[in-house]
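**Student:** I'd like to ask you about the structure that follows.
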Amino acid sequence: MSAQTMQIRNRPCRIYGEAHAEHLLLQMTGEHELQSMDDEVAAIAQSNRKYLFAAIPAESWNDALSPWEAPAVWGKQGFGGKAADTLRFLTEQVIPTLKQQFRLPENVKIILGGYSLAGLFALWASTQTDLFYGIAAASPSVWFPGWMEFEQQHPIQVQRVYLSLGDREERTRNATLAVVGDNIRTLHSRLTERGADCALEWNSGGHFKDADLRTAKAFRWAMEENR
């Protein structure tokens, strides 16, 4: 499936799929993901659902996708906490533009997803609005300082949540990152207890293995009727 590039407020968004689709899939992406985006979308296309997929570039990955400021966890770059600006861009610019341009139904099912910090962003965004039909969070950064406490006080509002993690991700000497396994198990339990349709899938390998295919799997699950 070939992409078309569409400028939305000076950002080159990659669009795949078809007009009049029943699902609108949104993914915040970084430069490091663009080379494998065609493979990801080809894997999503194994679903029989009709969808429009938009890959939206994050201007600064660590800043744009983090819900609040936090110090560096590896390297020297910290987190700027500008997720609210990114969510506003999605709700006020991206979604209305795509709905109009591709003649999407008013009740189109919007699924926000992503990998790593973009997965955390999707989860956080669903604590702020009930706009989304589903969340596709592949290897999300649920280790992020303060996230679990925040979600306890500001619960995820969406009823369909896919979570995944690599089975080696929690085996790290980095104390901040090592909590990711316990945190994702706790989050899955929390959501299930609240009655959400929530999956937690364990993939083989560490954080950087098969990111495109893991993300595709997340979006496919969120589109399917699982109940």
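The values are calculated or read from the model by the stated rules, or taken from the named source; none is laboratory data. Owing to the predicted nature of the structure, the values given are computational and were not obtained by experimental measurement. All Cβ positions, glycine included, derive from the backbone under ideal geometry; neighbour counts span all protein chains shown. Side chains included, ligands, DNA and RNA excluded: accessible areas come from the protein's heavy atoms. Shrake-Rupley method; radii C 1.70, N 1.55, O 1.52, S 1.80 Å.
**Student:** Within the set of pairs 6+ apart or on separate chains, which have a first residue in region 159-177 that is over 19 Å from TRP221 (Cα atoms), a second that is open to solvent by 50 Å² or more (accessible area, probe 1.4 Å) and among the polar types (S, T, N, Q), and C-beta atoms under 9 Å apart?
**Tutor:** ASP167/SER204; ARG168/SER204
**Student:** Of the residues in region 99-123, how many are more than 28 Å from GLU149 (Cα to Cα) and either part of a loop (DSSP other than H, G, I, E, B) or within 18 Å of the chain's Cα centre (by Cα) (or both)?
**Tutor:** The total comes to 8.
**Student:** Suppose we filter region 198-219 for residues that are out of contact with any helix residue (DSSP H, G or I) (no Cβ under 6 Å at 6 or more places or on another chain), open to solvent by 20 Å² or more (accessible area, probe 1.4 Å) and not hydrophobic (A, V, I, L, M, F, W, C); how many remain?
**Tutor:** Number of matching residues: 7.
**Student:** I need a count of the residues in region 125-157 that are surrounded by fewer than 17 Cβ atoms within 10 Å (Cβ to Cβ) and assigned to a loop (DSSP other than H, G, I, E, B).
**Tutor:** Qualifying residue count, region 125-157: 8.
**Student:** What about GLN27, is it open to solvent by 20 Å² or more (accessible area, probe 1.4 Å) and either closer than 14 Å to ILE8 by Cβ or polar (S, T, N, Q) (or both)? Steps first, answer last, please.
**Tutor:** Working: open to solvent by 20 Å² or more (accessible area, probe 1.4 Å): no; either closer than 14 Å to ILE8 by Cβ or polar (S, T, N, Q) (or both): yes.
Considered against the rule, which asks whether it is open to solvent by 20 Å² or more (accessible area, probe 1.4 Å) and either closer than 14 Å to ILE8 by Cβ or polar (S, T, N, Q) (or both), GLN27 comes out as no.
**Student:** Quick check on SER66: is it among the polar types (S, T, N, Q), closer than 29 Å to GLU149 by Cβ and open to solvent by less than 10 Å² (accessible area, probe 1.4 Å)? If you could, list the steps in order and put the result at the bottom.
**Tutor:** Working: among the polar types (S, T, N, Q): yes; closer than 29 Å to GLU149 by Cβ: yes; open to solvent by less than 10 Å² (accessible area, probe 1.4 Å): yes.
Yes: the conditions hold for SER66.
**Student:** From the list ALA54, ALA72, ALA21, ALA42, exactly one residue is surrounded by fewer than 16 Cβ atoms within 10 Å (Cβ to Cβ), small (Gly, Ala, Ser) and not in a helix (DSSP H, G or I). Which is it? Steps first, please.
**Tutor:** Working: ALA54 fails: surrounded by fewer than 16 Cβ atoms within 10 Å (Cβ to Cβ); ALA21 fails: surrounded by fewer than 16 Cβ atoms within 10 Å (Cβ to Cβ); ALA42 fails: not in a helix (DSSP H, G or I).
Of ALA54, ALA72, ALA21, ALA42, the one residue that is surrounded by fewer than 16 Cβ atoms within 10 Å (Cβ to Cβ), small (Gly, Ala, Ser) and not in a helix (DSSP H, G or I) is ALA72.
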